[in-house]
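Reviewing the structure listed below.
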Amino acid sequence: MERRQYIEKAKRIVIKIGSQLLEKDNDIDTEFISDLARQISLLKDKEIIIVSSGAVLAGVKKLKLSSRPKNITEKQAVASVGQAYLMQIYDKFFSEYNLIIGQVLLTIEGLRERKRYLYAKETLNKLLEFNVVPIINENDAIAVEEIVFGDNDFLAAHVSLLTDANLLIILSTAGGLYTDDPSNPDAKLIEEIKADVDQALNFAKSSKSKFGSGGMRSKLEAAKIATQHSIPVIIAPKKKDIIVDILSGNKIGTFIHPHKAKKVSSKKSWLELLSYPKGKLIVDAGAEKALKAGKSLLPSGIKEVEGIFNQKDVVAIANEEGNIIGKGIVNLGYKEIKKIKGLKTEKAKEILGKDVEEVIHADNIVIF
């Protein structure tokens, strides 16, 4: 499909706003937030989800600090103050256009748990059903360095997958991907990327602003996650009417085409990107071939069982050479699988005293 077709089909849209975009004259850019609210109020047939950075920036402004906090404890404390202040600002300006906002704080640790992932998904769907604009941020007040998404670009990509979005818009001070630093007069905007995003990373530079943690490289890495799961991405500039202009089909910024035409289920996206294996199943060559062909994993194809896990836990799947080839959600616990590994289905049923069709169903498997 062409760029315009993807945009016309987009009903559920995630908009990522970084700290740099929220800062103006050493304070929060309330004009930008007000203009964003005005635009969203015009998009009656769209479902808009905002992933907003800025908790630390807002906390710094509220506490009248001279710079971003240096350590994790200070960051958490400042973010706690800033999150409330930032939501107050969003609520004030969105209310002027009769828009209701809902705050959602996420951590990668929480989304790794399937149950909490599904609760987050259901909550966001319900907010959209209530015509609420969800405003999502990482829970900086409790997150620590080991479990943070690393940058809200990545959070935006995961939220796009979580909510089955049709489009991810990442607003950027650069306004798109250029062949060189945008300050170079010879630099040219790359309007579209149709090939693998990896090829475009050569043009990107990683950078950090006073209050932000990302850069063009992190935006492209996030775009890679989204586009590999069938969600198109636009990296666009901060300017008046930007969202309306994009959704009107105007060629703005850099449009990154989905890498896969077929939509990947949110369950498989979660399984591939966020789930944490609690054990490992080593499969034989025949099972490996069947799995790569989209088949389920049967008891007969399992050679070894490693780790302690229960029914419905995630496990890694490895081949006989020890290479991890995928992940899956098991229908049986480790003790039961050990009893039936290598056996035909009928024999497995006999030993366990219950029906055993597959150890992992094809719908619950991702192969890398």
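The values are calculated or read from the model by the stated rules, or taken from the named source; none is laboratory data. Nothing here was measured: the structure is a model prediction, and the numbers come from that model. For neighbour counting, all protein chains shown are included, and Cβ atoms are generated from backbone atoms with ideal geometry for every residue, glycine included. Calculation scope for accessible area: heavy atoms of the full protein, side chains included, ligands and nucleic acids excluded. Shrake-Rupley method; radii C 1.70, N 1.55, O 1.52, S 1.80 Å.
Quick look at the values:
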read-out: Using alpha-carbon coordinates, inclination of helix 152-162 to the longest axis of the chain, degrees; value: 50 degrees
read-out: GNM top mover of GLU138, GLU304, GLU191 - the chain, alpha-carbon springs below 10 Å; value: GLU304
read-out: Amide H partners (placed H, <5 Å) of GLU304, local residues excluded; value: ILE282
read-out: Packing-based order for 94-101, 294-301, using average beta carbon neighbours within 10 Å, highest first; value: 294-301, 94-101
read-out: The chain - percent of accessible surface contributed by carbon and sulfur, probe 1.4 Å; value: 48 percent
read-out: Protection-proxy order for peptides 33-46, 341-354, 246-259, each taking the mean of Cβ atoms within 10 Å per residue, highest first; value: 246-259, 33-46, 341-354
read-out: Average accessible area per residue (Å²) across the chain - probe 1.4 Å, nucleic acids and ligands excluded; value: 47 Å²
read-out: Helix 114-129 vs. the chain, principal-axis angle (Cα, 0 to 90°, nearest 10); value: 40 degrees
